[in-house]
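Enquirer: Here's a structure for you.
The values are calculated or read from the model by the stated rules, or taken from the named source; none is laboratory data. Computed from a predicted structure; not experimentally measured. Here the Cβ is made from the backbone with ideal geometry for all residues, glycine too, and neighbour counts use every protein chain on show. These area figures cover heavy atoms from the full protein model, side chains too; ligands, DNA and RNA do not enter into them. Shrake-Rupley method; radii C 1.70, N 1.55, O 1.52, S 1.80 Å.
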Protein chains: 2
Amino acid sequence: MICLNSELDIPLYRQLSTQIMESLVRGELSTGDTLPSVRALAGDLGVNMHTVNKSYHDLEAKGIIEIVAKKGAVIKAQDQKITTQRLEHLSSEFKPMVVEALLSGMDETKIHTLITNIISTVRED
Amino acid sequence: MICLNSELDIPLYRQLSTQIMESLVRGELSTGDTLPSVRALAGDLGVNMHTVNKSYHDLEAKGIIEIVAKKGAVIKAQDQKITTQRLEHLSSEFKPMVVEALLSGMDETKIHTLITNIISTVRED
DNA sequence: ATTTTTGTTCTATATTAAGTATAACAGATC
DNA sequence: GATCTGTTATACTTAATATAGAACAAAAAT
């Protein structure tokens, strides 16, 4: 179940993108599945059509879904090869947080444990 | 050496905060050290005084420095105890990236390796 | 004691991101 | 043919980011 919170300082369209990606990780969504229409989902979530549309295009830019004009959005098959470019992108996004964690007094082992716990909660929730 | 890039879609004040935190991790800055005045650093970096000021207050909010009015900004001693609250905050910030990494085809082991590499580059650079 | 430097505060402006709102278009579906 | 679809366009609001200039009062330097 998707649940958005406008009180958070995370944009609604990004909350939606993340939660759809989490559903994919959990296996609640699989390759070939069709996402609801932007109007239908916007109605369900109580947000504007354009907010959902932006999220879908966000997911398309990430290579997660494919939007077929005037038909709908379909989950794409995930590449199992990680490109060097993609790895560098992920690295630059992780870096500021790793620095923050280190300054909070966490060592490498504790950060690994944190990551492991996050993976567990994403898979179980 | 601090280097800002206005072409990136990361705010200048946040780039500055992160790079100061990296200097701390590397040991180039230590508890008790004084940061340059907001005007001096702004002049060196070619940005506005208020941008540096915002970064300093960002670091103060994170508990990294202490700003003494009309004197300067000093590096605070870092807490070595991680509160549950802080851990949950870090967890919620890491989560969207962990999900992205998983969908990129990375498994838990590969994410751990990525984190290890990031820590190495931050400490050596 | 005067000057300079300091962080702070205020006003102002410009740009961009985020979100909502409405409308119209044209292809796909029923 | 009517409905649903993603798309596109315009318009508006709010907030974040960044720059700019000015003024204030306390600290530091001379």
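Enquirer: What total accessible surface area, summed over both chains, is buried at the interface between chains B and A, computed with a 1.4 Å probe and given in Å² to the nearest 100?
Expert: Numbers: alone 9360 and 9370 Å², together 14510 Å².
Summing both sides, the interface buries roughly 4200 Å².
Enquirer: While we're on this one: Using only Cα atoms and rounding to the nearest 10 degrees, what angle (0 to 90) does helix A:84-103 make with the longest principal axis of chain A?
Expert: 50 degrees
Enquirer: Answer rounded, prolate or oblate for the protein assembly as shown, using the Cα gyration tensor with square roots of eigenvalues a ≥ b ≥ c: rounded when a/c is under 1.5, else prolate when a/b is larger than b/c, else oblate.
Expert: Details: a/c = 2.16, a/b = 1.74, b/c = 1.24.
Verdict is prolate for the protein assembly as shown.
Enquirer: Would you work out if region A:84-124 is rounded, prolate or oblate? Take a ≥ b ≥ c from the square roots of the eigenvalues of the alpha-carbon gyration tensor; rounded if a/c is under 1.5, else prolate when a/b is larger than b/c, oblate otherwise. Mind showing how you got there, number by number?
Expert: Details: a/c = 2.51, a/b = 1.11, b/c = 2.27.
Verdict is oblate for region A:84-124.
Enquirer: Looking at chain A, how many pairs of lysines come closer than 18 Å at the Cα, when each pair is eight or more places apart or spans two chains?
Expert: On the way: A:Lys54/A:Lys62; A:Lys54/A:Lys70; A:Lys54/A:Lys71; A:Lys54/A:Lys76; A:Lys62/A:Lys76; A:Lys62/A:Lys81; A:Lys95/A:Lys110.
Counting lysine pairs in chain A gives 7.
Enquirer: Relative to a virtual label point 7 Å from the Cα of B:Thr84 in the Cα→beta-carbon direction, which members of region A:107-125 show backbone nitrogen distances below 19 Å?
Expert: Under cut-off, by backbone N: A:114-115, A:117-118, A:121.
Enquirer: By how many degrees, 0 to 90 and rounded to 10, does the Cα axis of helix B:108-124 deviate from the longest principal axis of chain B?
Expert: Helix B:108-124 and the main axis of chain B meet at about 30 degrees.
Enquirer: So what is the relative contact order of region B:12-75, in percent, for Cα pairs below 8 Å that sit 6 or more residues apart?
Expert: Working: 64 pairs, mean separation 24.5, N = 64.
Rounded, it is 38 percent for region B:12-75.
Enquirer: In terms of the Cα gyration tensor, with a ≥ b ≥ c the square roots of its eigenvalues, is chain A rounded because a/c is under 1.5, prolate because a/b exceeds b/c, or oblate? Kindly include the intermediate steps, with their values, before the conclusion.
Expert: Details: a/c = 2.03, a/b = 1.60, b/c = 1.26.
Judged from the Cα gyration tensor, chain A comes out prolate (a/c at least 1.5, a/b above b/c).
Enquirer: If you count, for each residue, the other Cβ atoms within 10 Å and average over each peptide, how do A:30-43, B:46-59 line up from highest to lowest? Before the final figure, lay out the partial values.
Expert: Working: A:30-43: 14.4, B:46-59: 18.0.
Taking the mean over residues of other Cβ atoms within 10 Å, the ranking is B:46-59, A:30-43.
Enquirer: What value, in deg cm²/dmol to 500, does the helix sum -39500 (n - 2.57) over DSSP H runs of n ≥ 4 give at 222 nm once divided by the residues of chain B?
Expert: Details: 5 runs with 73 residues, N = 125.
Counting only the DSSP helices, I get -19000 deg cm²/dmol.
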